[in-house]
1. Which condition does ARG73 not pass, out of (1) open to solvent by less than 50 Å² (accessible area, probe 1.4 Å); (2) on the phi > 0 side of the Ramachandran plot, if it passes all the others?
2. Is it true that VAL94 is in contact with a helix residue (DSSP H, G or I) (Cβ under 9 Å, 6 or more places away or on another chain) and within 19 Å of ALA41 (Cβ to Cβ)?
3. Can you tell me which residue in the range 48-59 is modelled with the lowest pLDDT, limited to those that are farther than 15 Å from LYS77 by Cα and surrounded by 14 or more Cβ atoms within 10 Å (Cβ to Cβ)?
4. Take the residues in the range 1-59 that are among the aromatic types (Phe, Trp, Tyr) and in contact with a strand residue (DSSP E or B) (Cβ under 9 Å, 6 or more places away or on another chain); name whichever of them is farthest from GLU90 (Cα to Cα).
5. Answer with yes or no whether GLU45 is under 16 Å from VAL121 (Cβ atoms) and acidic (Asp, Glu).
6. Examine the range 70-82 for a residue that is in a loop (DSSP other than H, G, I, E, B), at pLDDT 95 or above and among the aliphatic types (A, V, I, L, M), and state whether such a residue exists.
7. Going residue by residue through the range 78-92, is there one that turns out to be farther than 18 Å from VAL12 by Cβ and crowded, with 22+ Cβ neighbours inside 10 Å?
8. Can you tell me how many residues within the range 1-44 are open to solvent by 90 Å² or more (accessible area, probe 1.4 Å) and under 15 Å from the mean Cα position of the chain (by Cα)?
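The values are calculated or read from the model by the stated rules, or taken from the named source; none is laboratory data. Everything numeric in this text was worked out from a predicted model, so none of it was measured. With ideal geometry, Cβ positions are generated from the backbone for all residues, glycine too; neighbour counts draw on all protein chains shown. For accessibility, only protein heavy atoms count, side chains too; no ligands or nucleic acids. Shrake-Rupley method; radii C 1.70, N 1.55, O 1.52, S 1.80 Å.
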Amino acid sequence: QVQLVESGGGLVQAGGSLRLSCAASGRTFFTTYTMGWFRQAPGMEREFVAAIGWRGTYMYYSDSVKGRFTISRDNAKNTVYLQMNSLKPEDTAVYYCAADPRIDYRGYEYTYWGQGTQVTVSS
C-alpha cells in the first residue's frame, strides 16, 4: 500500500503562484513509481494535470497547464511537487496526487490516490 498526503493548497489571486506537495509513504520503492497530479472542479469530472516518471526525465502536461505548471520530484524525500504559476480562476479545483507502480506510465488509471487539497483562484 502507498499513502499519499497532499499539502500546499489555498486561496490565491489570479496571476499568483502556489506549490503543492505530495508526500508518499508505505513503500520503499516509491522511486520507481510514476507520479501524477489530477484535479476536479465542482460539477466536473476529474482531469489529468501532469505526470512524472521515476527518474524525472519523463514529464507530461495537459494542454491547459502547459507552460504554467511544473511537476518535479525528490525521491530522497518521497515527495512530488506541482509548482503552479500564472494561476487562473479556471484552475480552481481540488487537486489530487496519484501514484502508479508502472514505470513511466502514460495512462490515467492510477493505483493510489491522495485525499486532495483545495486550490481556489480568485479573479
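1. The single condition ARG73 does not satisfy is (2).
2. Details: in contact with a helix residue (DSSP H, G or I) (Cβ under 9 Å, 6 or more places away or on another chain): no; within 19 Å of ALA41 (Cβ to Cβ): yes.
So VAL94 fails the test.
3. Here is the first cut: in the range 48-59, the ones farther than 15 Å from LYS77 by Cα are 48-53, 57-59.
Subset that is surrounded by 14 or more Cβ atoms within 10 Å (Cβ to Cβ): 48-53, 58.
Working: PHE48: 97, VAL49: 98, ALA50: 98, ALA51: 97, ILE52: 96, GLY53: 93, TYR58: 89.
My answer is TYR58.
4. So the first thing to find is which residues in the range 1-59 are among the aromatic types (Phe, Trp, Tyr), and the list is 29-30, 33, 37-38, 48, 54, 58.
With in contact with a strand residue (DSSP E or B) (Cβ under 9 Å, 6 or more places away or on another chain) added as a condition, the list becomes 30, 33, 37-38, 48, 54, 58.
Details: PHE30: 32, TYR33: 29, TRP37: 16, PHE38: 14, PHE48: 14, TRP54: 29, TYR58: 26 Å.
Only one residue fits best here, namely PHE30.
5. Values: under 16 Å from VAL121 (Cβ atoms): no; acidic (Asp, Glu): yes.
For GLU45, the condition - under 16 Å from VAL121 (Cβ atoms) and acidic (Asp, Glu) - is not met.
6. The first filter runs over the range 70-82 and keeps only residues in a loop (DSSP other than H, G, I, E, B), leaving 78.
Okay, now just the ones that are also at pLDDT 95 or above, so none.
Within the range 70-82, none of the residues are in a loop (DSSP other than H, G, I, E, B), at pLDDT 95 or above and among the aliphatic types (A, V, I, L, M).
7. Our first condition is that a residue be farther than 18 Å from VAL12 by Cβ; within the range 78-92, this holds for 78-80.
Next cut, crowded, with 22+ Cβ neighbours inside 10 Å only: 80.
Looking for residues that are farther than 18 Å from VAL12 by Cβ and crowded, with 22+ Cβ neighbours inside 10 Å, one finds at least one in the range 78-92, hence yes.
8. 2
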